[in-house]
Amino acid sequence: MTDPDPLLDAVLRGLSAEPKTLPPTLFYDDVGSALFDRITTLDAYYPTRAEALVFDEHGPALAALVAGDADAVALIEPGCGSGGKAEKLLQHLPAVAYVGVDVSVEALIGGAGRLSLRFPGVQVVAIEADYHQPWALPELPPARKIAFFPGSTIGNFDPADAVGFLAGLREVVGPSGAAVVGVDLWKDVEVLRVAYDDPEGVTAAFNRNALRHLNRRYGATFDVDGFAHESRVDVDRRRVEMHLVARGAQDVRVAGRRFRIEAGESLHTENAYKYDLDGFSDVARQAGFRTLGWFTDPDVRFAVFALGAS
Ligand code: AVJ
């Protein structure tokens, strides 16, 4: 009981709150990471494809904005997974180093291996860490530091926490640094809702896997199939919410603690905030970044921002 476990702490805090919440980082054990990979291929889930269109069409311009006059850059990616997206940027940058931070060793090994084969001149560093917790940047060759945070993962933070997180990245890259951030844009409510409730039920399985993960990892006793998956759009807060709604009452044990969940009660598992271009620019500004430029896909569903430390 002396080993601090920030994830378990967050879980116990969330289950004690009113209404009950669970941290979205719970989705990503090996099973959940594989389910998320399937989500990115679904017709209903447009963000991954829309972002890929931005990189394919505007990668060189984006890279030019963040590299500026630097002749050497280091790309730093919190939550890199297997690093597939970094390639799309590295190929256009004068990169001398790449740092990937992720909780999944498997993803790090695969990704770092692929990157170092593809970019033999780039020093590739893999760091096993949850980037929500403090982690240390290794010694790097002299280079402009560029943080890379694609996929609209920034949408998982409340706007105030997004400012805090980006301000942390601003500290990491320093006064001559930059950042590239992927941001999903506010749009038609039903398009948003279905993106988080696909007809194939993959997102429902992904959401329920948060509970399976708790059962496996902490010996929790959730009756997983006793929860219905729901995607709700909150128009005022500009976010999509994922919920697990208990069909019947459950008494659940988690790490020796007991929690009562009433019939119809919801566990709120994720927020995905959607921005407009000015709104996200403002978040970046509050974090100490100025917007150098942004690019969208042709349908203006998704934006990638180039930010400079100001
Ligand atoms: C990986 C956080 C960007 O919020 O769209 C996908 C996760 N949740 N479907 C998102 C997710 C449900 C995804 N992010």
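Per-structure values
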{"read-out": "Answer residue from region 125-146, given it is farther than 26 Å from Thr269 by Cβ and among the aliphatic types (A, V, I, L, M) and is least open to solvent (accessible area, probe 1.4 Å) among those", "value": "Ile146"}
{"read-out": "Hits in region 73-90 (condition: in contact (Cβ under 8 Å) with a residue 60 or more places away in the chain, open to solvent by less than 20 Å² (accessible area, probe 1.4 Å) and among the small types (Gly, Ala, Ser))", "value": "Ala74, Ala86"}
{"read-out": "Residue identified as hydrophobic (A, V, I, L, M, F, W, C), open to solvent by less than 60 Å² (accessible area, probe 1.4 Å), part of a strand (DSSP E or B) and at pLDDT 95 or above among Phe206, Phe280, Phe295", "value": "Phe295"}
{"read-out": "Condition broken by Arg237, with the remaining ones in (1) over 28 Å from Ser152 (Cβ atoms); (2) in contact with a strand residue (DSSP E or B) (Cβ under 9 Å, 6 or more places away or on another chain); (3) open to solvent by 50 Å² or more (accessible area, probe 1.4 Å); (4) not in a strand (DSSP E or B) satisfied", "value": "(1)"}
{"read-out": "Extreme residue, farthest from the chain's Cα centre (by Cα), among residues of region 126-159 that are acidic (Asp, Glu) and more than 17 Å from Asp276 (Cα to Cα)", "value": "Glu139"}
{"read-out": "First in region 18-32 and of a type in the set (S, T, N, Q), second anywhere and within 10 Å of the ligand (Cβ to nearest atom), Cβ under 9 Å, 6 or more apart", "value": "Thr21/Thr269; Thr25/Asn156"}
{"read-out": "Residue list for region 147-169, filter: within 16 Å of the ligand (Cβ to nearest atom), closer than 20 Å to Leu137 by Cα and open to solvent by less than 20 Å² (accessible area, probe 1.4 Å)", "value": "Phe148, Phe149, Pro150, Leu166"}
{"read-out": "Candidate set: region 36-48, residues that are more than 8 Å from the ligand (Cβ to nearest atom) and touching a residue at least 60 places away in the same chain (Cβ under 8 Å); chosen: the one surrounded by the fewest Cβ atoms within 10 Å (Cβ to Cβ)", "value": "Asp43"}
{"read-out": "Test result for Asp102, among the charged types (D, E, K, R), buried (at least 22 other Cβ atoms within 10 Å of the Cβ) and either at pLDDT 95 or above or touching a helix residue (DSSP H, G or I) at 6+ places or on another chain (Cβ under 9 Å) (or both)", "value": "yes"}
{"read-out": "Residue in region 1-35 that is farthest from His243 (Cα to Cα), counting only those that are assigned to a loop (DSSP other than H, G, I, E, B) and open to solvent by less than 30 Å² (accessible area, probe 1.4 Å)", "value": "Asp29"}
{"read-out": "Given (1) over 17 Å from the mean Cα position of the chain (by Cα); (2) more than 18 Å from Gly83 (Cβ to Cβ), number of the condition Ala162 does not satisfy", "value": "(1)"}
{"read-out": "Count of residues meeting criterion [within 16 Å of the ligand (Cβ to nearest atom) and open to solvent by less than 70 Å² (accessible area, probe 1.4 Å)] in region 49-58", "value": "5"}
{"read-out": "Residues of region 125-145 that turn out to be of a type in the set (A, V, I, L, M, F, W, C), over 25 Å from Thr40 (Cα atoms) and not in a loop (DSSP other than H, G, I, E, B), as a count", "value": "1"}
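The values are calculated or read from the model by the stated rules, or taken from the named source; none is laboratory data. Predicted model, so just to flag it, every value in this text is computed and none were measured. When we count neighbours, we look across all protein chains shown, and the Cβ atoms used for this are built from the backbone with ideal geometry, even at glycine. Side chains are part of the model used for accessible areas, which takes the heavy atoms of the whole protein and leaves out ligands, DNA and RNA. Shrake-Rupley method; radii C 1.70, N 1.55, O 1.52, S 1.80 Å.
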